Amino acid sequence: MQSRTSQGAEPGPTRADIESRLSASLASVVAGARRRAVRDGDRQIDTAHLLHSLLEADPDVRAVIDDGAQVVRLLGYLVQRSIGYGLQWQGTVEDSGAVPLVTSPKETALSPSAATAMEAAIARAALRGEPRAVGVDLMAVLVADPDCRAVEVLGRAGADAKALLRRIEAAASSGAPGDGFLDPYAESSAEISAESSAD
């Protein structure tokens, strides 16, 4: 697959750049996702790997879902990735069109979509004045990307990504709606409301 990055474009962030801006718990989540990708023989760490590791390791992320049965369903889908629906992803790159993470040839890299999510999680933490991102920051940006694999998994388990995003933002420590984070669903929701009012 050809890169979408134009010639002459600035290189992407390095693994060290990203990991220096993560909390210890989120760095552990990313390390777990990396181990799982290597074990499963996946070419890259994608957003579904990150979701899997978040659900296993971060109680704050599980609390956002607020439904133990749904967490179990999600983990069930993720565990069977290598033998079930995830087979369609083998040999493909989860590509948002973003600049990919710069890694050494021997590293298992983040997919472009996952790298974008990590950078957005760091930016979200910075908006709160925090130097390092935590798991809920990453969960917020994952559920905000309707085209990523993590949201596909959420949908298969019956989880509403839009509702999860709004729950995360409503619980933001600053108390400000959205906590400075762009809700990509807001425009479409407003359009639906306007159409309903017109009927």
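Under a 5 Å amide H to amide H cut-off, with H placed in plane at 1.01 Å, what residues pair with residue 133 once short-range neighbours are removed?
The answer is 22, 23.
Give me the one-decimal nm value for the distance between modelled label points at residue 24 and residue 160, 7 Å along each residue's Cα-to-Cβ direction.
Taking the two extended label points, one gets 3.8 nm.
Can you figure out the FRET efficiency of residue 79 with residue 17, using R₀ = 30 Å and their beta-carbon distance, to the nearest 0.05?
0.45
If the chain between residue 147 and residue 167 were fully stretched, how many nm would it gain, using 0.36 nm times the residue separation less the Cα-Cα distance?
5.2 nm
Which residues' amide hydrogens lie under 5 Å from the amide hydrogen of residue 110, considering only partners 5 or more residues apart or on another chain, with H built in the peptide plane?
45
For residue 128 and residue 40, compute 0.36 nm times the residue count separating them, minus their Cα-Cα distance, and round to one decimal in nm.
That pair, residue 128 and residue 40, stretches by 28.1 nm at full extension.
In terms of modelled amide H atoms, which long-range or inter-chain residues lie less than 5 Å from the amide H of residue 14?
Answer set, sorted by chain and number: 102.
All of the numbers you see were taken from the coordinates with simple rules; none came from a lab. Owing to the predicted nature of the structure, the values given are computational and were not obtained by experimental measurement. Positions of Cβ are backbone-derived with ideal geometry, glycine not excepted, and every protein chain shown enters the neighbour counts.
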